[in-house]
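Trainee: Quick one: the structure is below, questions incoming.
Bear in mind these aren't lab numbers, they're just calculated from the coordinates by the rules spelled out. Bear in mind the structure is a predicted one, so any value in this text is a computation, not a measurement. Virtual Cβ from ideal backbone geometry, glycine too; neighbours counted across all protein chains shown.
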Amino acid sequence: MITPPVVERRAPRGDETPADAAASAPAGSDTARTSTTELRQALPLVTVRDLEVAYDGRTVLDGVDLDLFPGEMVALLGASGSGKSTLMRSLTGFAPIAGGEARVAGHDVVNLRRGELRELRSHVGQVFQQFNLIPRLSVLTNVLTGALHGAGPLNLVGGFTSAHRRRALELLERVGIAHKANAPARSLSGGQQQRVAIARALMQRPRVILADEPVASLDPRLADSVLGLLREIATQDGIPVLVSLHVLPLALAHSDRIVGLRHGKLLVSDATSRLSAESLAVLYQQEDGDDHH
Ligand SMILES: Nc1ncnc2c1ncn2[C@@H]1O[C@H](COP(=O)(O)OP(=O)(O)OP(=O)(O)O)[C@@H](O)[C@H]1O
Ligand SMILES: [Mg+2]
């Protein structure tokens with residue numbers, strides 16, 4: 001069964017960190033954007049240590065260390081095939097972990113208890129390049145499906161309470177497309193569909209958001225606005241957002257921190273303010289032997 005959310009903003013949880021609280025401050029107040037130093041004092045919601053992922057004996061992630069802190073927007077860069085999607089998939093138990101540790105929102109991904117996988121996935125909001133909406137269903141219903149995470153099999157029709165509907169509408173308001181609530185998802189533009197997908201992820205009340213190339217199908221203006229929205233969510237809700245990108249200027253403009261993979265190894269992890277396009281070029285250099293990897 002679904003526990004209907006009672007109020008729009010979640011109540012403080014017992015495990016809420018100081019940065020959660022700080023990041024929950026009203027937008028526009030002095031504390032709305034938490035400094036990196038403050039974030040670092042909070043406990044990470046994602047901790048990855050020496051992570052190795054292998055497909056059929058071939059290592060595709062090798063010794064990866066990563067922490068994601070409440071409220072930070074982290075861009076994940078790397079050439080095609082470097083392991084970005086695999087890293088994201090490993091955080092939700094979709095990749096074959098061969099070694100190391102991964103903890104996500106309190107779950108030990110490497111040693112999940114029976115039945116814990118569903119709970120883990122309900123704590124992770126995911127946003128994809130192709131939006132993954134159900135085209136013939138209304139925008140509102142698509143957002144409501146976010147509430148099904150962790151709920152088990154549930155009839156789509158009549159399975160939602162009025163509190164769910166209220167919350168879904170509030171989220172559509174927040175992402176700027178409440179006026180499209182009753183339109184079929186397929187009738188929306190790409191940018192609008194990605195906003196619906198983000199509202200659907202928020203419907204889960206996620207502890208962490210993973211966005212795998214969320215703007216790869218959008219024009220530059222829409223890409224900016226969708227990344228702006230994700231960063232606003234990170235800041236205001238105290239949720240870490242990990243977003244993989246192929247466009248360096250977008251990463252530099254919209255992230256607090258950049259991490260970069262090359263051949264499955266994490267070569268870059270630094271505050272965005274300390275990085276430049278030149279310093280990131282190492283991630284994309286062609287080398288002799290690349291094809292043998
Ligand atoms: N299911 C799978 N089975 C076998 N190999 C896989 C599988 N998924 C990914 N790989 C391999 O793992 C490596 C990393 O792939 P991944 O999709 O994580 O790269 P990526 O950085 O997301 O690339 P892109 O930028 O093209 O999306 C690649 O060599 C890929 O072929
Ligand atoms: Mg990928």
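Trainee: What distance in nm separates the simple spin-label points at Glu119 and Asn132, each placed 7 Å from Cα in the Cβ direction?
Mentor: About 2.2 nm, to one decimal.
Trainee: List the trypsin sites (Lys or Arg not before Pro) within region 97-133 that DSSP assigns to loop and that have no more than 11 neighbouring Cβ atoms inside 10 Å.
Mentor: Answer in residue order: Arg113, Arg114.
Trainee: Kindly identify region 137-205 as rounded, prolate or oblate by the Cα gyration tensor criterion: order the square roots of the eigenvalues as a ≥ b ≥ c, call it rounded if a/c is under 1.5, otherwise compare a/b with b/c, prolate if a/b is larger, else oblate.
Mentor: Cα axes put region 137-205 in the prolate bin.
Trainee: Same structure, new question: How many nm is it between the label spots at Tyr55 and Leu43, if each spot is 7 Å from the Cα in line with the beta carbon?
Mentor: Those two pseudo-labels are separated by 3.5 nm.
Trainee: Just order 200-207, 165-172, 70-77, 104-111 by mean Cβ neighbour count inside 10 Å, highest at the front, would you?
Mentor: 70-77, 200-207, 165-172, 104-111
Trainee: Same structure, new question: Fully extended, how many nm does the chain gain between Ser276 and Ser225 (0.36 nm per residue separation, minus their Cα-Cα distance)?
Mentor: 16.2 nm
Trainee: Let me ask something else about it. Starting with the highest mean, order 266-272, 143-149 by the number of other Cβ atoms within 10 Å, averaged over the residues of each peptide.
Mentor: So the order, starting with the most tightly packed, is 143-149, 266-272.
Trainee: Please give the FRET efficiency for Ala98 paired with Ser189, using the beta carbon to beta carbon distance and R0 = 51 Å, rounded to the nearest 0.05.
Mentor: After rounding, the FRET efficiency stands at 0.80.
Trainee: Work through the residues other than Leu144 whose Cβ is under 10 Å from its Cβ and net out their charges, Lys, Arg +1 and Asp, Glu -1.
Mentor: +3
Trainee: Turning to a different aspect of this structure: Can you figure out the FRET efficiency of Ser162 with Asn182, using R₀ = 25 Å and their beta-carbon distance, to the nearest 0.05?
Mentor: Efficiency computed from Cβ-Cβ geometry: 0.95.
Trainee: Using +1 on the beta carbon of Lys and Arg, -1 on that of Asp and Glu, and nothing else charged, what's the dipole of region 51-108 about the Cα centre, debye to 20?
Mentor: Charge dipole of region 51-108: 240 debye, to the nearest 20.
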